[in-house]
1. Heavy atoms only, probe 1.4 Å: what % of the accessible area of the chain goes to carbon and sulfur, would you let me know?
2. Report the residues of the stretch 144-186 in range of a label on ASP138: point 7 Å along Cα→C-beta, backbone N strictly under 17 Å from it.
3. What number does the chain give for Rg over Rh if you use C-alpha atoms and the Kirkwood radius?
4. Multiplying the sequence separation of LEU151 and VAL71 by 0.36 nm and subtracting their Cα-Cα distance, what value in nm do you get?
5. Once every DSSP H run of n ≥ 4 in the chain is given -39500 (n - 2.57) and the sum is divided by its residues, what mean residue ellipticity at 222 nm do you get, rounded to the nearest 500 deg cm²/dmol?
6. What is the packing order of peptides 25-32, 62-69, 94-101, 129-136, taking the mean over residues of other C-beta atoms within 10 Å and listing the highest first?
7. Heavy-atom accessible area per residue, the chain, 1.4 Å probe: how many Å²?
8. Among the aspartates and glutamates, select those whose C-alpha is under 15 Å from the C-alpha of LYS115, and discard any that sit fewer than 8 residues away in the same chain.
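The values are calculated or read from the model by the stated rules, or taken from the named source; none is laboratory data. These numbers come from a predicted model, not from an experiment. Note that we place each Cβ from the backbone using ideal geometry, even for glycine, and neighbour counts take in every protein chain shown. Ligands, DNA and RNA are excluded from the accessible area calculation, which covers all protein heavy atoms including side chains. Shrake-Rupley method; radii C 1.70, N 1.55, O 1.52, S 1.80 Å.
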Amino acid sequence: GEVAEARSMETGHHVKRVAEYSKHLASRCGLSHSDAEIIRMASPMHDVGKLAIPDAILNKPGSLTTEEFEVIKTHSKAGFDMLKNSNREIMTIAAIIALEHQERYDGTGYPMGKKGKEISVYGRIVAIADVFDALGRDRVYKKAWDLETILEYFRAERGKQFDPELTDIFISSIDEIIEIRDRLPD
């Protein structure tokens, strides 16, 4: 996971924060300790498919063209294809996460347009953790957002991009999320 993030000029701490946010959210939504630990270990591979994206697109400052965004969207399936053949539970869950973390609760995401609970709980959890961390950090294509703007975005996207129940749980535990964020700075 850290290799994929380093290639896209992001810190390895992104995948560590996503892992910890995901574990926290999994625990808070009622998944077992074992499942929460599995998601913590599997989630760092959510963007491993970025290894298949050309550098010129992956690290382009500014907006992507429609064609470039279509290439970026292939990272989910590419990551799934890289991970899907393992018989190990962690790798199986990592493959599902890689495939589903860009799906949207309202069905307008990619790569399959899954909707609601058709998206695994793992994909729905990592989607929240990944977006939260990405919005709060400078990226080659954007400046970091402040916390209140991020929370406004999550409230607006509740039931659209994000599972509404998981969004409520995440926002209600924002103090613990901030502690995790502050423990793993860039």
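1. 53
2. Of the residues in the stretch 144-186, 144-147, 185-186 have backbone N under 17 Å from the label point off ASP138.
3. 0.93
4. Stretched fully, the LEU151-VAL71 segment lengthens by 25.9 nm.
5. That calculation yields -17500 deg cm²/dmol at 222 nm.
6. Top to bottom by mean Cβ count within 10 Å: 94-101, 129-136, 25-32, 62-69.
7. Ligands and nucleic acids excluded, the result is 47 Å² per residue.
8. GLU100, GLU103, ASP106, GLU157, ASP163, GLU165
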